1. What is the spread of the Cα atoms of segment 205-273 along each of their three principal axes, largest first, in whole Å?
2. At 7 Å along Cα-to-Cβ for each site, give me the label-to-label distance between residue 350 and residue 282 in nm.
3. Compute log10 of I(q)/I(0) for segment 32-235 with the Debye formula, placing one identical point scatterer on every Cα and leaving out solvent, at q = 0.14, 0.17, 0.18 Å⁻¹, to two decimals.
4. Mind sorting 115, 271 by how few other Cβ atoms lie within 10 Å of their own Cβ, fewest first?
5. On full extension of the chain, what length is gained from residue 250 through residue 424, given 0.36 nm per residue of separation minus the C-alpha to C-alpha distance?
6. Along Cα→Cβ, 7 Å out, is where each label goes; now give me the distance between the ones at residue 161 and residue 234 in nm to one decimal.
7. Could you tell me the calculated FRET efficiency between residue 394 and residue 322, based on Cβ-Cβ distance and R0 = 51 angstrom, to the nearest 0.05?
8. Stretch residue 271-residue 89 to full length: gain in nm at 0.36 nm per residue minus the Cα-Cα span?
């Protein structure tokens, strides 16, 4: 196969891969509700607009398909206030019975999850779950003080009171989760009348739902769930990806990987690291858009990366690397410190993630510095001088920077040279070549067959 055909094949394969990924991401969920079925919606993670859209669309589709009820299987630490309001409105105005089931065991309906749970027609929890702790807090877990704190608290109390009254829940119990940050186990919540059902499996839940009468938009609906089919409808691939990006740890990791990829592209230009780094940074900023990002922390991480790059070009004996590592840790620790939403969880980069990414970045930098020091210790390559300029010794190994077709550029002896293929055949970018002659400042080269290393 000729180099030109290989290039065309490589381009086609890359295009096909991009198209395939795009089709997969745009695909809708294949699961659909059947008439009279119970639609289960797995709902986990931080409450955001992706979750709100997923629940709204899925509930509307379930109603259109004639489902008997929707079960939201919930496990959340809290999230966005605006998204919580959207979900509560969706549940209060749903055209069919909606059940919020905090499950499986070990799950929680904390903070915003409390508001979502109380907005359902029927509430249920599995053993070993808890609900509550809905007091407004900042993203770092501290209290919101002053006038802003008072207004936020009063608004949250009013909202949860309205929900409890609309669904016939104990108002004092609901308010205690906001005013006192009280958290309750499933047994405590059932004893208080806030939770209707204790169920560890979907079959237990469906059996307990049967025969219950609920109000749906002012109309009494009696659930007949015996023998009903169970249809589980997950987020589609796009929703799943966007919801994953909202994780503060994922966004931070993508940002660091993206910057590292761009550094590699500057050091050793290639197709993979540059494109991958740019995509990672774009995905990171998609996540940052839904998180309480501290621009100061982001700038510190960026400055740390700049210091790492300078270490490659300035002889600092490791001082820039050490300083960059310290700045990197400070930036990662302060990446999310702006006040968050009242119903949001503590948003921060987990300490183990900071440690791992710091070690990763330091190891990467150490490798680059080691290679640089090793190169400096090599005997300098003697370049002969002629009337026509510097002359490279025959056999010097170089790397193609701009494809030779037949003329292009190669990298040798620390700089770029104009070069052309000795046999006038095209040579692709990145191919190792060997100097076989020189005409003025134009090198005559041929493929090196993988032997030697770039000088």
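1. 68, 25, 18
2. Spacing of the two 7 Å Cα→Cβ label points: 2.8 nm.
3. Log-scaled intensity ratios, in q order: -0.74, -1.11, -1.25.
4. Starting with the residue having the fewest Cβ neighbours, the order is 271, 115.
5. 57.8 nm
6. Going from the residue 161 label point to the residue 234 one covers 4.3 nm.
7. Given R0 = 51 Å and the Cβ-Cβ separation, E is 0.70.
8. Values: separation 182, 0.36 × 182 = 65.52 nm, distance 4.73 nm.
Computed gain between residue 271 and residue 89 is 60.8 nm.
Bear in mind these aren't lab numbers, they're just calculated from the coordinates by the rules spelled out. Please read these numbers as outputs of a predicted model, since none were measured by experiment. Quick reminder, even Gly has a Cβ in these numbers, built from the backbone with ideal geometry, and neighbours come from all protein chains shown.
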